[in-house]
Amino acid sequence: MEEKTTLEVGDAVVFVDETSRPHNALVTAVHGEVYKTQWREDIDGMPGHWNAQIVEGKGAIRLSIPCVNLVHLSGNVNKQDPYGRQTEHSSSVVYKNDNTAHGNYFMFQGDEPNPVAETKS
């Protein structure tokens with residue numbers, strides 16, 4: 001997917017719930033700005049970390065995506081009201097790259113979801 005450089009209220013995204021089920025969602029709040037960060041290991045006294053100060057050739061660069069609040073349709077088809085399927089709200093949802101878990105994150109249309117972990121029941 002082409003790298004997204006903006007994130008605004010009203011944008012359509014995909015919310016992946018705690019069971020790895022994707023839901024089309026709308027952004028209702030954005031908690032910060034999209035900005036570039038760089039992996040730096042060249043700063044004395046500091047272990048490797050993501051830094052907002054970009055220096056040419058000093059490390060990999062990625063976009064830092066803020067967390068968002070979302071609204072999406074309930075995954076439970078029995079949750080109906082006079083207006084149709086009920087909506088659910090999720091707050092402070094992080095971008096998929098900031099969550100190693102297989103659920104409870106958002107991604108942009110066309111992004112590859114995080115892998116589902118093989119865990120014991």
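Measuring nothing but protein heavy atoms, the accessible surface of the chain at 1.4 Å probe radius is 49 percent carbon and sulfur. Only Lys, Arg, Asp and Glu carry charge here, each on its Cβ (+1 for the first two, -1 for the last two); on that basis the range 60-121 has a dipole of about 60 debye about its Cα centre.
Taken about its Cα centre, the chain carries a charge dipole of roughly 260 debye when the Cβ of each Lys and Arg holds +1 and the Cβ of each Asp and Glu holds -1. In this view, the solvent-accessible surface of Arg85, computed with a 1.4 Å probe and all protein chains in place, comes to about 80 Å².
Kirkwood hydrodynamic radius computed over the range 11-74 comes to 14.2 Å, based on all pairs of distinct alpha carbons. For the range 1-107, chymotrypsin sites (Phe, Trp or Tyr not before Pro) meeting the loop criterion (DSSP other than H, G, I, E, B) and having at most 13 other Cβ atoms within 10 Å: Tyr83. Comparing Asp98, Asp11, Asp81 in a Gaussian network model of the chain, where Cα atoms under 10 Å apart are tied by springs, the biggest mean-square fluctuation is seen for Asp81.
Think of the chain as having a plus end and a minus end, set by charges on the Cβ of Lys, Arg, Asp and Glu; of His102, Asn76, Ala29, Asn76 sits farthest toward the positive end of this dipole. Between Asn24, Asn76, Asn97, the Gaussian network model of the chain with springs among Cα atoms under 10 angstrom shows the greatest mean-square fluctuation at Asn76. Note the listed values (1) 1.07; (2) 0.93; (3) 1.48, then indicate which one is Rg/Rh (Cα atoms, Kirkwood Rh) calculated from this particular structure. The calculated read-out lines up with (1).
Find the relative contact order for the chain and round it to a whole percent, using C-alpha pairs within less than 8 Å whose residues are 6+ positions apart. Write out the running numbers ahead of the final one.
Working: 233 pairs, mean separation 31.9, N = 121.
Dividing the mean separation by the residue count of the chain yields 26 percent.
Placing unit charges on the Cβ atoms of the charged side chains and taking the dipole of the chain about its Cα centre, the candidate lying farthest along the positive direction among Asn51, Ser64, Thr19 is Thr19.
For the range 50-121, the list of GluC sites (Glu not before Pro) that fall in a loop by DSSP and count at most 13 other C-beta atoms within 10 angstrom reads Glu56, Glu118.
Springs between Cα atoms under 10 Å define the GNM used for the chain, and in it the highest mean-square fluctuation of His89, His49, His72 occurs at His49.
The values are calculated or read from the model by the stated rules, or taken from the named source; none is laboratory data. Given the structure is predicted, the values throughout are model-derived calculations rather than measurements. Reconstructed Cβ throughout: ideal geometry from the backbone, glycine too, with neighbour counts over all protein chains shown. Please note that ligands, DNA and RNA were not included when accessible areas were found on the heavy atoms of the full protein model with its side chains. Shrake-Rupley method; radii C 1.70, N 1.55, O 1.52, S 1.80 Å.
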